[in-house]
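Here is the structure we will look at.
Bear in mind that the values in this text are calculations on the coordinates, not laboratory data. Small disclaimer: the values here were computed from a predicted structure and weren't measured. Positions of Cβ are backbone-derived with ideal geometry, glycine not excepted, and every protein chain shown enters the neighbour counts.
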Amino acid sequence: MSLKQTPCLVSVVLLVALGLVACGEPPQRGTPGAPPQLAATTAVAADPVNIAHRGASAYAPEHTLAAYALAIEMGADYVEQDLQLTSDGVLVCLHDTTLNRTTNVEEVFPDRATEVEIRGEMRQVWRVSEFTLEEIKMLDAGSWFSEEFAGARVPTFQEAIDLVRGKAGMYPETKAPEEYEALGFTMEEELVRVFVANGLDTHEGQAATPIYVQSFSPESLKRLHSIAGDTYRLIQLIGGSQKALLNEQGLADVASYATGVGPAIQLLVDDPSLGYAARSHGLELHPYTVSATRLPEGYADVGAYIRYLFDDLRATGVFTDNPDLFPRH
Ligand code: G3P
Ligand code: CA
C-alpha cells in the first residue's frame, strides 16, 4: 500500500534532502545554555516540530482527552498516543501495559490482578490485555493526577483521532507489540485498519492530519513498512540500550524502513556527532523527552534547552510535556 497521491510526501522528502545537504561537520560537545553559533549553511531544515508527549502531560493526566485537547490549545504540531490493546482487540491510549499507575483499577477490580515478579519482588499488576474495552471504560484515569480531572476515561485510539484530526498531527507509538503478538494480535495491522477506516491513508487525510508512527521495536516498524510502504512516516525510537542503531550500519538499516529516529536525549548530549550521523542518512531527528520538571542544570528555561537540541544537536522535532513552552522564533 502507498499513500494515494504523493505530492505532500515528495515535499517532505525534498525538505529532508535539503536539510541533509545543509549538514556540515559535527560541532564540539555542546555547552549547556550557550549553544555554539552555527554557520548559516547548517541551519535546521524547515519547521522543527512540537510533539506533545502523552498530550500536554505536564498539566493534565497523560493520555486523556483533556491532555490532548490542551496540547492542541497550546499549539502542539503533533499529539502523541502510546497504544495498547484490550482483550477484545481495541486500540486504547495508555503508556503502560498495565492499568495500575494511571487508573483506579485496583479499587474497581480488586480480584483481577496477576502476580508477576519484578526485579526479584512479587507484585500485583492489572494488564490492559486482560480487560475488555467496556471494563476499561469503567475506570477513572484522571484522579491519580488531580481531583480536577476525576472521571476522565482511557480513550480509544478512535476517540483520539476524532478529537485531534484536522487540528494537529497524530503520533501513535506501538507499545509492546511482541506481547500482543503472543496473544494473537497484530498491533500494526489493527493500527493500519483504523487509519484506513478514517481516510488517513490518503493524501487528503494526511494533509489535514499529518501522521508519524513510532516504536522502539524495529520489527514493528518493519512490519508497518511492509504492510503500508511509505504511507506513514515511521520513527525508530532509540532507548539508552539501543545505541547501536545510531552507528553507521544501524542507521543505514533504519533508513531502509523509517523516515527518522527518536533517540533518548542523553544519547545525543553524550555524543553530539550521533545527531549529525542520523541527519547525514537523511533521517529526521525527534529526541525525547523535554520536561520543565527535569530541566538539566545550566539552562534558563525549557525554550533555551529545546533551542540547544535544535541548534546544537541537530534535532528536527522534540517530544515535550510542555508544548506551551516550545520556542517558535
Ligand atoms: O515516544 C517517545 C517517548 O514517549 C518514549 O518514551 O516511555 O514516554 O513512551 P515513553
Ligand atoms: Ca511514547
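Between ASN104 and ASP140, the built amide H atoms are under 5 Å apart, and every one of these is 5 or more places off in sequence or on another chain. Pull out a ≥ b ≥ c, the square roots of the eigenvalues of the alpha-carbon gyration tensor of region 98-224, then state rounded if a/c is under 1.5, prolate if not and a/b is larger than b/c, and oblate in the remaining case. Taking the square roots of the gyration eigenvalues as a ≥ b ≥ c, region 98-224 is oblate. Gain on full extension, evaluated as 0.36 nm per residue between ARG294 and GLU219 minus their Cα-Cα distance, stands at 23.9 nm. From a point 7 Å beyond the Cα of GLN158 in the direction of its Cβ, which residues of region 108-138 have a backbone N at a distance under 17 Å? Within reach of a label on GLN158: 132-138.
Taking a ≥ b ≥ c as the square roots of the Cα gyration tensor eigenvalues, with a/c under 1.5 meaning rounded and otherwise prolate when a/b beats b/c, else oblate, which class fits the chain? Provide the component values of the computation, followed by the final result.
Working: a/c = 1.66, a/b = 1.41, b/c = 1.18.
Note, shape of the chain comes out prolate.
The GNM of the chain, with springs linking C-alpha atoms under 10 angstrom apart, assigns the highest mean-square fluctuation among GLU130, GLU117, GLU62 to GLU117. Label region 177-252 by shape, choosing from rounded, prolate and oblate, from the square roots a ≥ b ≥ c of the eigenvalues of the Cα gyration tensor; if a/c is under 1.5 it is rounded, and otherwise prolate applies when a/b is larger than b/c, oblate when it is not. Since a/c reaches 1.5 but b/c is at least a/b, the shape of region 177-252 is classed as oblate. Taken along the Cα-to-beta-carbon direction at a fixed 7 Å, the label points for VAL116 and GLU181 span 1.8 nm.
Work out the length of the dipole vector of the chain about its Cα centre, built from +1 on the beta-carbon of each Lys and Arg and -1 on the beta-carbon of each Asp and Glu, and round it to the nearest 20 debye.
The dipole of the chain has a size of about 900 debye.
Highest first, please rank the peptides 131-141, 215-225, 189-199 by the mean number of other Cβ atoms sitting within 10 Å of their residues. Walk me through the numbers on the way to the answer.
Numbers: 131-141: 18.7, 215-225: 20.7, 189-199: 17.1.
So the order, starting with the most tightly packed, is 215-225, 131-141, 189-199.
Neighbours of SER143 by Cβ distance under 15 Å: Lys/Arg scored +1, Asp/Glu scored -1, total -4.
Across region 181-198, rounded Karplus estimates of 3J(HN,Hα) from the backbone phi angles (6.51 cos²θ - 1.76 cosθ + 1.60, θ = phi - 60°) give 4, 4, 8, x, 9, 10, 4, 5, 5, 5, 4, 5, 4, 5, 4, 5, 4, 9 Hz, Gly and Pro being marked x.
With Cα atoms defining each centre, region 80-105 and region 181-208 are spaced 18 Å apart in the structure.
Segment THR202..THR132, full-extension length gain: 22.1 nm, with 0.36 nm per residue of separation and the alpha-carbon distance subtracted. Across ALA264, ALA207, ALA52, mean-square fluctuation computed from a Gaussian network of the chain (C-alpha pairs under 10 Å connected) peaks at ALA207.
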